[in-house]
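*Asks:* Here it is, the structure in full.
The values are calculated or read from the model by the stated rules, or taken from the named source; none is laboratory data. Note that the structure is a prediction, hence the values are computed from the model and not measured. Methodologically, a virtual Cβ is constructed for each residue, glycine included, from the backbone with ideal geometry; neighbour enumeration extends over all protein chains shown.
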Amino acid sequence: MIKCKIIALGSLKEKYFKDACAEYQKRLTRFCNLEICEIEPVKLPENPSAGEIDAALKKEAEQIIKKIPQNSRVIALCVEGKEKSSEDFASYIEEVLNLGQGICFIIGSSYGLSEEVKRLANLRFSLSIMTFPHKLFRVMLLEQLYRGFMINQGSKYHK
């Protein structure tokens, strides 16, 4: 069974986001050992300077890097990342599974991820060129991960 880890900046507070994530986490237990690691984002002033943002991203990167598991494909979720169809994403999961590696997804803060974290990534991935709240994005990632496993299983979930 593949090990999947999601490192996310920020935590879910709203019950409806927690419930949605819990549902997909439950469904994913058939396919992977899933761990979600939440990291508190660095607090910034209301209108931070570019330097303040860079410093915050570097501090967050230190925390993120400590949490990346060994023998994992690292996927940085970022706006400039490559988009994949659900089928292509499923193929990527299957490829990693066949290599005997785990997958570690990294969701940055509202200011994104540091260049250092992006350089560590095996894949820079984008679910969409649209902007979504980070909390909703986590639900979307879990759903796509579940969809990917279901596609690989030949299920009718993906129509």
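*Asks:* Give the residue that is modelled with the lowest pLDDT, with candidates limited to residues of segment 1-20 that are in contact with a helix residue (DSSP H, G or I) (Cβ under 6 Å, 6 or more places away or on another chain) and under 24 Å from Gly154 (Cα atoms).
*Replies:* Ile2
*Asks:* For Arg30, state whether it is surrounded by fewer than 14 Cβ atoms within 10 Å (Cβ to Cβ) and in contact (Cβ under 8 Å) with a residue 40 or more places away in the chain.
*Replies:* Details: surrounded by fewer than 14 Cβ atoms within 10 Å (Cβ to Cβ): yes; in contact (Cβ under 8 Å) with a residue 40 or more places away in the chain: yes.
It is true that Arg30 is surrounded by fewer than 14 Cβ atoms within 10 Å (Cβ to Cβ) and in contact (Cβ under 8 Å) with a residue 40 or more places away in the chain.
*Asks:* Here's something else I'd like to know. Would you mind finding the one in Gly102, Gly81 that is over 18 Å from Arg138 (Cβ atoms) and either of a type outside the set (Phe, Trp, Tyr) or out of contact with any strand residue (DSSP E or B) (no Cβ under 6 Å at 6 or more places or on another chain) (or both)?
*Replies:* Working: Gly81 fails: over 18 Å from Arg138 (Cβ atoms).
Being over 18 Å from Arg138 (Cβ atoms) and either of a type outside the set (Phe, Trp, Tyr) or out of contact with any strand residue (DSSP E or B) (no Cβ under 6 Å at 6 or more places or on another chain) (or both) holds for just one of Gly102, Gly81, which is Gly102.
*Asks:* Those residues that are part of a helix (DSSP H, G or I), of a type in the set (A, V, I, L, M), touching a residue at least 40 places away in the same chain (Cβ under 8 Å) and surrounded by fewer than 20 Cβ atoms within 10 Å (Cβ to Cβ), I need them from segment 102-149; list them, please.
*Replies:* In the first step, residues of segment 102-149 are kept if they are part of a helix (DSSP H, G or I); the result is 115-120, 134-149.
Add one more test, that the residue is of a type in the set (A, V, I, L, M), and what stays is 117, 120, 136, 139-142, 145.
Next cut, touching a residue at least 40 places away in the same chain (Cβ under 8 Å) only: 117, 120, 136, 139, 141-142, 145.
Once the filter is applied, which keeps residues that are part of a helix (DSSP H, G or I), of a type in the set (A, V, I, L, M), touching a residue at least 40 places away in the same chain (Cβ under 8 Å) and surrounded by fewer than 20 Cβ atoms within 10 Å (Cβ to Cβ), segment 102-149 yields Leu120, Leu136.
*Asks:* Please go through segment 7-43 and give me each residue that is in a loop (DSSP other than H, G, I, E, B), β-branched (Val, Ile, Thr) and either touching a Cys at 6+ places or on another chain (Cβ under 7 Å) or over 20 Å from Gly148 (Cβ atoms) (or both), ordered by number.
*Replies:* Step one: filter segment 7-43 for residues in a loop (DSSP other than H, G, I, E, B), giving 10-14, 29-31, 40-43.
With the extra rule that they be β-branched (Val, Ile, Thr), the set shrinks to 29, 42.
Passing the criteria: only Val42.
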